[in-house]
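The values are calculated or read from the model by the stated rules, or taken from the named source; none is laboratory data. Quantities reported herein were computed from a predicted structural model and do not represent experimental measurements. Cβ placement follows ideal geometry from the backbone for every residue including glycine, while neighbour counts extend to all protein chains displayed.
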């Protein structure tokens, strides 16, 4: 059946992801989690199998150049060898970009289609991994929001040049996704790219705010 934004299926999937994140945070015993790294890696393999079966295993569609793809790769490394700087990028990119993706999925068909299941599984695993690390005691440091914003600009520059050179659309830097998304409210290209920059900065600062407040209270 067609996927309906904030329909019953969408809300149920969001509830499952939220419950899994809460469970992961409460049961965390340390930031390192080979099991989550394995789950993320299995998701990547399953994604490429799906690309192959759907005839989409091509340079235009299957390179790991979307922001969520890079976040998954960084999280696999972070789950195996946690580092503060790596965690911070995963926190902001994961919580910021992935939450927005979950709220406005680029999906045409709902459950039980593989595309829908794969989308929520992958995005959900990103948030579960970040929640696990937060539950284990890692937290963003001073100035981390601006550092993560700097890295996302490096991403946009590099991937944008690749998209421009080859006519691709990784990161949706050349064209908006066909389905409804936040980008619809940000104007036409290239202005919506600048809008994404502004949204990312505000989102990162909001994600840093609770930790900045906690540091100030402890002083």
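Assess whether residue 209 counts as being assigned to a helix (DSSP H, G or I) and modelled with pLDDT of 90 or more. Taking the combined requirement at face value, the residue satisfies it. Identify the residue in segment 135-172 that is assigned to a helix (DSSP H, G or I) and on the phi > 0 side of the Ramachandran plot and, among all such residues, is surrounded by the most Cβ atoms within 10 Å (Cβ to Cβ). Result: 171.
Of the set (1) at pLDDT 85 or above; (2) more than 23 Å from residue 207 (Cβ to Cβ); (3) surrounded by 15 or more Cβ atoms within 10 Å (Cβ to Cβ), all apply to residue 115 but (1).
In segment 173-192, the residue that is surrounded by the fewest Cβ atoms within 10 Å (Cβ to Cβ) out of those that are more than 21 Å from residue 63 (Cα to Cα) and in contact with a helix residue (DSSP H, G or I) (Cβ under 9 Å, 6 or more places away or on another chain) is 185.
Listed by position, the helices (runs of 4 or more DSSP H) contained in segment 1-113 that have at least 1 residues being without any contact (Cβ under 8 Å) to a residue 24 or more places away in the chain and within 25 Å of residue 136 (Cα to Cα) are 8-27, 34-53, 67-80, 84-92.
Output the residues belonging to segment 47-84 that are over 17 Å from the mean Cα position of the chain (by Cα) and within 20 Å of residue 204 (Cβ to Cβ). Talk me through it step by step, then tell me what you get.
Restricting attention to segment 47-84, the residues satisfying the condition of being over 17 Å from the mean Cα position of the chain (by Cα) are 48-61, 80-84.
83, 84 - these are the residues of segment 47-84 that are over 17 Å from the mean Cα position of the chain (by Cα) and within 20 Å of residue 204 (Cβ to Cβ).
All conditions in (1) in contact with a helix residue (DSSP H, G or I) (Cβ under 6 Å, 6 or more places away or on another chain); (2) modelled with pLDDT under 90 hold for residue 131, with the sole exception of (2). Per the listing 18, 37, the residue uniquely at pLDDT 90 or above, buried (at least 17 other Cβ atoms within 10 Å of the Cβ) and more than 14 Å from residue 121 (Cβ to Cβ) is 37.
In segment 179-198, the residues that are under 21 Å from residue 153 (Cβ atoms) form Cβ pairs under 8 Å with partners that are modelled with pLDDT of 85 or more and not in a helix (DSSP H, G or I), at six or more places apart or across chains, as follows: 189/174; 189/175; 193/173.
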